[in-house]
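The values are calculated or read from the model by the stated rules, or taken from the named source; none is laboratory data. Keep in mind it's a predicted model, so treat the numbers as computed, not measured. A quick note on method: Cβ atoms are made from the backbone with ideal geometry, for glycine too, and the neighbour counts reach across all protein chains shown.
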Amino acid sequence: MLNINESLYLITGAFDLFPDAIIVVDAEGIIRNSNKQIEAVMGYTEDEIKNQPLNILLPERFRHNHYNFVASFFNTTGIRKMGEGISLYGKHKSGKEINIDIALSIIDTGKSKYALAVIRDISDKIKLAHQVNQIENIKNELERFAYVLTHDLKAPLHKVRALTQLIHLELSEKESEDIKTTVNYLNESVLGMENLIQGVLDYYKAKLNKNVVEEMVDLNLIFDQTMNMIEVPNTFTVKKIQSLPVIKGNPTMMLQVFMNLIYNAISHSTKENGLLEIDYSVENNLFEFSFSDNGTPIPNEKKSSIFEITTQLGFSQNKNSHGLGLSIVKQIVENNSKNKIWCEDSPLAGCCFKFTWPVLTP
């Protein structure tokens, strides 16, 4: 018949392949055996920790009441599972305090009872959770900051515009050409600043909003809505090559994608008769949408950076555009990691923006 030490050796020896530290503790709170992983988790070798009081693994502030906890556990013969949500701390041999999780169960040999404890170092997990929480808080703060900032910046601009209009009314009969030019320039500058502020807000809304509600979106309706909202010059034509598909997405976000891409083509049209053709194809269970125009080609060296916010701020020459349209489109499209957007030469001798989107699956 095996003695107690032999029984404990067999019990713990079977756990040497486990990634967690395992110790066997008697009813007096003395560590009787352990597996090899105890050194990796708590810093002690098997020989160093054997026959030591369990308190050696606890921070000093928890030691005074721990004996009562051990006695209570043995009396209830309970089981504690990993991940029960209670913050637990251990003391490493180095003196460093670490976050741990513990699973407990009772071993009854018939003559004696022992507690089998599985110890896991979760310090990295706690640290990561804390970092994620900090990032979420920063995100929320940035979002609030963006709204407050845009509101505070718009307020004085509204006053400047109102004062400019008042000056124009007061001096309308006496205005010289120089005054008219100055007033018009001031109005255009205010309008440009208002659009830029709104563009920054739209950009960060698209960047930060990762949990938008998705639904079935008919892109033909999105196209029609866009055409009703955008002022298309008589010298410019926007047309679909074929009926567009239904996708799963957010209708407001898709409307913004279509508006920005169509408006981008109109803004940079250099031909007497501008043209934008919208089409799509299907490959590898992805829609590939294309917006091809006959306007200004983008140089090869700028195609990879055209969607960056720093590039976009200086890209638009239209006073009614905030210049962030392509950056916003990129944030919306690539919110889904499967999607990509890029720029290439257009078959119409202008620029072609393409992006992918998942095909609906049954």
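Quick look at the values:
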{"item": "Complete set of residues in region 237-274 that are surrounded by fewer than 19 Cβ atoms within 10 Å (Cβ to Cβ), under 19 Å from Pro347 (Cβ atoms) and modelled with pLDDT of 95 or more", "result": "Thr237, Lys239, Lys240, Ile241, Gln242"}
{"item": "Region 229-243: number of residues that are out of contact with any strand residue (DSSP E or B) (no Cβ under 8 Å at 6 or more places or on another chain) and more than 15 Å from Gln256 (Cβ to Cβ)", "result": "3"}
{"item": "Given (1) touching a Pro at 6+ places or on another chain (Cβ under 6 Å); (2) within 18 Å of Glu28 (Cα to Cα); (3) not polar (S, T, N, Q), number of the condition Ala117 does not satisfy", "result": "(1)"}
{"item": "Scan of region 322-362 for residues that are in contact (Cβ under 8 Å) with a residue 40 or more places away in the chain and part of a strand (DSSP E or B), ordered by number", "result": "Cys343, Glu344, Asp345, Cys351, Cys352, Phe353, Lys354, Phe355, Thr356, Trp357, Pro358"}
{"item": "Ile22 being surrounded by 15 or more Cβ atoms within 10 Å (Cβ to Cβ) and either part of a strand (DSSP E or B) or not aliphatic (A, V, I, L, M) (or both)", "result": "yes"}
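Results for (1) among the aromatic types (Phe, Trp, Tyr); (2) outside any helix (DSSP H, G or I); (3) in contact (Cβ under 8 Å) with a residue 60 or more places away in the chain, shown as yes or no for each residue.
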site: Phe74; (1), (2), (3): yes, no, no
site: Ile100; (1), (2), (3): no, yes, no
site: Ile107; (1), (2), (3): no, yes, yes
site: Gly110; (1), (2), (3): no, yes, no
site: Tyr114; (1), (2), (3): yes, yes, yes
site: Ala117; (1), (2), (3): no, yes, yes
site: Ala129; (1), (2), (3): no, no, no
site: Val132; (1), (2), (3): no, no, no
site: Ile135; (1), (2), (3): no, no, no
